[in-house]
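Here the structure is laid out as structure tokens; the discussion comes afterwards.
Every read-out reported here was derived from the displayed coordinates using simple, explicitly stated rules and does not represent laboratory data. All of these numbers come straight from a predicted model, not from anything done at the bench. We place every Cβ from the backbone using ideal geometry, glycine too, and count neighbours over all the protein chains shown.
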Amino acid sequence: MTTGCRILSIEDIPAYRVLRLESLRLHPECFGANYEAERQKDVLFFEEQMASQTDTLMIGAFDDHQLIGMCGLIAIDDEKYLLVGMYVQSAYRGLGASTQLVQYAQSVLAASIRTAIVLTVYEENQVALAFYKKMGFSHQSTLGDEILMQWDDADHPH
């Protein structure tokens, strides 16, 4: 398997849409969005961001030229990115694609003016919690059934 990561562009919108809807359909418990509502939209949030090339990015993991995983980075202020929408197709789980996606996100952070990546994970998603801890994210707070985690660039010298 040849997996690499890069920031998605306007040319990737059709593949992104398929993968995003797949993630919502197969794992609704992991995302804040609803499959049916998203499916009926003409343009999804990140499709619009890809087209306008903003500071909000979608990172894709590829097996050769096939999009097999993704995660988004939303610039929430001058200091932090919010990591959202992490998903890897089931056939590629456990093969390092998620690690590559997070490492790519961390490299985007290192090249930016921002100093941290934050994310939320549903408390019952123990696999994701363990993964993010392994990747250096630390627990910041709990809000309802969501855990806020943060990765600080300063804590991880390059």
Next item on the list: Amide H neighbours of Ile68 under 5 Å, at least 5 residues apart or on other chains, H built in the peptide plane: list them.
Entry: Ala61, Phe62, Asp63
Margin query: From the helices alone, meaning DSSP H stretches of at least four residues, give me the mean residue ellipticity at 222 nm for the chain, per-run term -39500 (n - 2.57), in deg cm²/dmol to the nearest 500.
Written below: -9500 deg cm²/dmol
Item checked: Which of Ile59, Ile76, Ile113, Ile147 has the fewest Cβ neighbours within 10 Å, and the rest in rising order -> Ile113, Ile76, Ile147, Ile59
Next item on the list: Just tell me which lysines come within less than 25 Å, Cα to Cα, of Lys80; anything on the same chain fewer than 8 places away is out.
Entry: Lys133, Lys134
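Give the order of Cys71, Cys30 when sorted by the count of other beta carbons within 10 angstrom, beginning with the fewest. Each step should come with its number before you reach the end.
On the way: Cys71 22, Cys30 17.
Ascending number of Cβ neighbours within 10 Å: Cys30, Cys71.
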Checklist line | Virtual spin-label span in nm between Ser52 and Leu95, 7 Å along Cα→Cβ | finding: 3.5 nm
Notebook entry, point to check: Only one of the listed values, (1) 15.8, 52; (2) 14.9, 44; (3) 22.9, 71, was derived from the coordinates as Rg and Dmax of the Cα atoms in Å; which label is it?
Noted result: (2)
Next item on the list: Enumerate the residues in segment 112-134 having an amide nitrogen under 19 Å from the point lying 7 Å beyond the Cα of Ala37 toward its Cβ.
Entry: 120-122
Notebook entry, point to check: Which is the longest part of the chain that has none of the GluC sites (Glu not before Pro) sitting in a DSSP loop with at most 16 other Cβ atoms within 10 Å?
Noted result: 1-78
Next item on the list: Select from segment 62-158 those trypsin sites (Lys or Arg not before Pro) which occupy a DSSP coil region and have at most 15 other Cβ atoms within 10 Å, ordered by residue number.
Entry: Arg93
Checklist line | Normalised contact order of the chain, rounded percent, pairs of Cα under 8 Å and 6 or more residues apart | finding: 18 percent
Notebook entry, point to check: Would you list Thr120, Thr99 from fewest to most Cβ contacts within 10 Å?
Noted result: Thr99, Thr120
